[in-house]
Ligand SMILES: [Zn+2]
């Protein structure tokens, strides 16, 4: 059971959907999340009835450490999805999908966490494809693929290859350690591989039956694999190395690499800029949040301050109200020691507590001595307002408890 206590108002956005938030925020939140009813309908069309009667979202203050928490009937969500253009609502599709994968059919142990998250990422992308189209879903899948590659490389480099398995072994560890892109994106990639092998119609029928058959039950990875073998692999004559996907490390070679035409066009613009076209002359009309994220991620590893300033003047990255674009831009700013962004960096880290944003920014900072000092200074101010989940992660990153008198740094 999850409790939220505060001065809350409610706005209905559909017959069985609505938004709770603080009174000053509730109209903004209701506008941003206007597609909720369509999302519930799209989800039902895919995988059967929504069994929890109402689906509401509570928009929490910025210190909330997660994107969303799929409490049945009432998702708790970060306000960082309120971009002002409805571009970050895939997160709501994700939390809604948990009403099937996670809350209806639940992982039996945290070692089976991928059953919750991999299925949910797959389902989320299907909801988004139904509502926003294939281009949107392809961009979402490509960004997820980039996240997976990055995480697998990082874990492998840190000697944590075992954590790149879908089925985890968290014996003696905090279950929170199992929360990485692997459960989400490698889980998605496995299901996407299966879909490709048997065709979408057959795979959808399999999933729909899976949610019915195991509704309101908990499932281990092994129970799922038995079911998969009997109902999809054998009857469909599927040739996928299921054991390699579930128990192996890294990314299997038969992964379906997502392709996005829109991102290919973005890469052309990055290349033009690299070869000397000014940022203001690039063809960026009509770009979505995803295209901007891809653009910033694909900028050269090393950039000069005048180059960063050219981009910033044309696209106002440092001043953007879109948290996802801001977070990737700030990371690039730290990597390239772009001082004009530091005030915003400090303000962002002090006002937002979503761990997905905090962790990469602190990690980027501590790579240099100057950055580490900045990280410690910012953290000393920000730490009292972070949630304990975020504090645990950043404490460890900065060796916080070992420091004698951090506040004076
Ligand atoms: Zn989730």
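Every number in this text was worked out from the coordinates using simple rules, so none of it is lab data. The model shown is predicted, which means the values in this text are computed figures rather than measured ones. Neighbour counts are summed over all protein chains in view; Cβ atoms, including those assigned to glycine, are modelled from backbone coordinates with ideal geometry.
Listed values, structure above:
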quantity: Ascending count of other beta-carbon atoms within 10 Å, so fewest first, for 303, 139; calculated: 303, 139
quantity: Length gained when the stretch residue 239-residue 285 is fully extended (0.36 nm per residue, less Cα-Cα span); calculated: 12.2 nm
quantity: As computed over the range 106-247, the Cα convex hull volume per residue (Å³); calculated: 112
quantity: Computed [θ] at 222 nm, helices only, for the chain once each DSSP H run of length n ≥ 4 contributes -39500 (n - 2.57); calculated: -15500 deg cm²/dmol
quantity: Equivalent ellipsoid, the range 261-408 (semi-axes from 5 times Cα gyration tensor eigenvalues, Å); calculated: 31, 15, 12
quantity: Calculated FRET efficiency for the pair residue 196/residue 54, C-beta based, R₀ 30 Å, to 0.05; calculated: 0.25
quantity: Stokes-Einstein translational diffusion, the range 183-335 - Kirkwood Rh over all Cα pairs, 1.567 mPa s, 4 °C, in µm²/s; calculated: 68
quantity: Cα-based helix-to-principal-axis angle, 187-198 vs the chain, degrees rounded to 10; calculated: 40
quantity: Residue order, fewest to most beta carbons within 10 Å, for 297, 274, 126; calculated: 274, 297, 126
quantity: Debye equation applied to the C-alpha atoms of the chain, log10 I(q)/I(0) at 0.09, 0.11, 0.12 Å⁻¹; calculated: -0.58, -0.88, -1.06
quantity: Radius, Kirkwood style, for the range 1-123 when every pair of distinct Cα atoms is counted (Å); calculated: 14.6
quantity: In degrees, nearest ten, helix 289-298 long axis to first principal axis of the chain (Cα); calculated: 60
quantity: Residues in the range 255-297 that a label on residue 153 would reach, taking backbone N under 14 Å of a point 7 Å out along Cα→Cβ; calculated: 297
quantity: Sorted by Cβ density within 10 Å, fewest first, the residues 263, 66; calculated: 66, 263
quantity: Length added when fully stretched, residue 1-residue 229, from 0.36 nm per residue minus Cα-Cα; calculated: 78.6 nm
quantity: Distance (nanometres) between label positions extended 7 Å along Cα→Cβ at residue 256 and residue 272; calculated: 3.3
quantity: Principal semi-axes in Å for the range 49-189 [√(5λ), Cα gyration tensor, largest first]; calculated: 25, 18, 15
quantity: The chain - share of DSSP beta bridges that are antiparallel (%, nearest 5); calculated: 35
quantity: Gain on full stretching of the segment that runs from residue 346 to residue 85 - 0.36 nm per residue minus C-alpha separation; calculated: 91.5 nm
quantity: FRET efficiency, residue 212 to residue 372 (Cβ-Cβ, R0 51 Å, nearest 0.05); calculated: 0.45
quantity: Solution diffusion estimate, µm²/s, Stokes-Einstein, the range 174-220, Kirkwood Rh from C-alpha pairs, 4 °C, viscosity 1.567 mPa s; calculated: 104
